[in-house]
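A quick write-up on the structure given underneath.
The values are calculated or read from the model by the stated rules, or taken from the named source; none is laboratory data. All figures in this text were calculated on a predicted structure; none of them were measured in a lab. Virtual Cβ from ideal backbone geometry, glycine too; neighbours counted across all protein chains shown. All accessible areas refer to the heavy atoms of the entire protein, side chains included, with ligands and DNA or RNA removed. Shrake-Rupley method; radii C 1.70, N 1.55, O 1.52, S 1.80 Å.
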Amino acid sequence: MLSDPDEQLPREERQKAIDRADRRLSRRERESRLLVKRSEDYEVFDNVFDVPTLMIINDLRSDGVIQQVRGSLAAGKESKVYTATAPDGSLRILKIYLTVSAEFKKRMQYIAGDPRFSDIKRGSRSLIAAWARKEFKNMQAAYAAGVRVPAPIAVKKNVLVMEFVGDSEGNSAPPLVESEVTSSDYKQVIEQMTMLYQKARLVHADLSEYNIFKTDRGIMLFDFGSAVDIQHPNSKQFLVRDVMNVNRFFEKRGIEVLDTALAVEKIRGGNK
């Protein structure tokens with residue numbers, strides 16, 4: 001009869017081996033709880049929720065920023081968006097930047113030269129954290145200037161928390177691409193771009209029918225990660241592109257639009 005190798009060890013060494021196995025098992029159980037969490041806390045799990053991101057979400061819970069992640073709302077190459085509840089029961093948006101995304105390497109043109117982010121270290125996590133911080137600061141500037149944007153609430157590493165814009169059932173307001181649009185909507189878009197430029201001193205730099213939303217409060221702008229200061233060397237180029245994107249969409253919907261050069265001049269005002 002074969003004997004158990006552990007039985008041949010001295011009692012003290014055998015106990016140490018048992019203790020090591022217990023510690024390994026305990027650690028795996030903790031990791032499993034962290035990764036899978038309780039279903040009442042997180043209903044949606046995928047590759048977004050790596051251990052560092054889960055720790056950040058737990059910190060936001062501890063800080064009273066959010067209480068519970070509800071479910072997935074939207075997904076892109078760089079981030080995924082979830083609804084979450086606040087401690088008072090209201091809804092919030094949780095935007096999680098994907099730490100494995102290669103898309104951010106293409107985004108350096110929007111960060112390079114910005115003194116707010118001169119301390120970026122090498123490595124994707126540092127770049128992604130800087131991008132989240134950049135979007136948060138851009139939203140703060142736009143919100144303070146009276147531009148209609150979701151209220152920015154908090155940012156921590158690769159997780160951005162903002163106001164939820166939609167109904168009480170958790171249905172978000174529709175983007176223009178999913179909406180019936182009018183000439184009034186076009187006028188509002190130009191007005192919001194003008195306020196963004198002249199009061200917040202920002203160019204969105206990635207504006208399209210997919211991140212302009214039609215809400216009960218009027219036209220609202222989203223996705224400010226690419227936004228640059230008007231002193232950025234490429235700000236006019238980005239502004240022209242934004243106007244062309246907006247005009248193209250409304251023209252396809254049969255709405256009369258301003259000439260691109262005229263719209264750019266109107267938005268910039270006295271800033272030449």
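Structure notes:
Okay, residues lined up against (1) of a type in the set (Gly, Ala, Ser); (2) in a loop (DSSP other than H, G, I, E, B):
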| site | (1), (2) |
| --- | --- |
| SER168 | yes, yes |
| VAL177 | no, no |
| GLU180 | no, yes |
| TYR186 | no, no |
| MET193 | no, no |
| ALA205 | yes, yes |
| SER208 | yes, yes |
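- Index of the failed condition, VAL243 passing every other in (1) open to solvent by 20 Å² or more (accessible area, probe 1.4 Å); (2) farther than 30 Å from ASP167 by Cβ; (3) more than 22 Å from the chain's Cα centre (by Cα): (1)
- Whichever residue in segment 152-166 is at pLDDT 95 or above and not in a strand (DSSP E or B) and, among such residues, is surrounded by the fewest Cβ atoms within 10 Å (Cβ to Cβ): VAL165
- Complete set of residues in segment 183-200 that are surrounded by fewer than 16 Cβ atoms within 10 Å (Cβ to Cβ) and closer than 30 Å to LYS157 by Cβ: LYS199
- Tally of residues being part of a loop (DSSP other than H, G, I, E, B) and either buried (at least 19 other Cβ atoms within 10 Å of the Cβ) or at positive phi (or both) across segment 136-146: 1
- Checking VAL149 against (1) surrounded by fewer than 18 Cβ atoms within 10 Å (Cβ to Cβ); (2) over 12 Å from the mean Cα position of the chain (by Cα); (3) modelled with pLDDT of 95 or more; (4) not acidic (Asp, Glu), the condition it does not meet: (1)
- So GLN237, is it of a type outside the set (Gly, Ala, Ser), in a helix (DSSP H, G or I), in contact with a strand residue (DSSP E or B) (Cβ under 7 Å, 6 or more places away or on another chain) and modelled with pLDDT of 95 or more: no
Okay, residues lined up against (1) under 21 Å from SER235 (Cα atoms); (2) without any contact (Cβ under 8 Å) to a residue 60 or more places away in the chain; (3) in contact with a Cys (Cβ under 6 Å, 6 or more places away or on another chain):
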site: GLY146; (1), (2), (3): yes, yes, no
site: PRO152; (1), (2), (3): no, yes, no
site: GLU163; (1), (2), (3): no, no, no
site: GLY170; (1), (2), (3): no, no, no
site: PRO175; (1), (2), (3): no, yes, no
site: THR194; (1), (2), (3): yes, no, no
site: GLU209; (1), (2), (3): yes, yes, no
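- Residue in segment 212-228 that is of a type in the set (Ser, Thr, Tyr), open to solvent by 10 Å² or more (accessible area, probe 1.4 Å), under 16 Å from ASP242 (Cβ atoms) and modelled with pLDDT of 95 or more present: no
- Test for LYS214: is it among the basic types (Lys, Arg) and free of Cβ contacts under 8 Å to residues at least 40 places away in the same chain: no
- Complete set of residues in segment 170-201 that are over 19 Å from VAL264 (Cβ atoms) and within 21 Å of the chain's Cα centre (by Cα): GLY170, ASN171, SER172, ALA173, PRO174, PRO175, LEU176, VAL177, GLU178
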